[in-house]
Amino acid sequence: MSHIHVFDPALCCSTGVCGTDIDQALVTFAADVEWARQQGAAIERFNLAQQPTAFAARPVIVRLLERSGPAALPVVLVDGEVAMAGRYPQRAELAQWSGLEVSRTIPVATSCCSGPDCC
């Protein structure tokens, strides 16, 4: 199984999903990472604000940041090679890189109500 390393821009916490102004892309990505990990994927995330040495330790990340600046973040490495930069991958991309299958079934709510008095 491949190892995926995600190099996040400077975030307030390890996932960036906190505070009052939450970025939906971060919420979705955090959920997708959790899903992939539960399926056995090996994914590590590094936050520039909290783990700058992880960035400095990888020459490919240093060169990318020198060339493109912080707009290149997030950067995703798959087995040490740049797989994506500038946006977060979708669940299907995480699955592909990890060798996982994504269920095509989309859960559909049968009702928003729990009884006759709720809507």
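Table for the structure above
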{"quantity": "Cα-Cα pairs of segment 1-111 separated by more than 17 Å (percent)", "calculated": "55"}
{"quantity": "GLU81/THR20 FRET efficiency (R0 35 Å; Cβ-Cβ; nearest 0.05)", "calculated": "0.40"}
{"quantity": "Positive minus negative residues near LEU65 (Lys, Arg vs Asp, Glu; Cβ under 13 Å)", "calculated": "+1"}
{"quantity": "Estimated inter-spin distance, GLN38 and VAL62, nm [label 7 Å along Cα→Cβ]", "calculated": "3.9"}
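A short reminder: the numbers here are calculations on the coordinates, not readings from a lab. Predicted model, so just to flag it, every value in this text is computed and none were measured. Every residue, glycine as well, gets a Cβ built from its backbone with ideal geometry; the counts of neighbours run over all protein chains shown.
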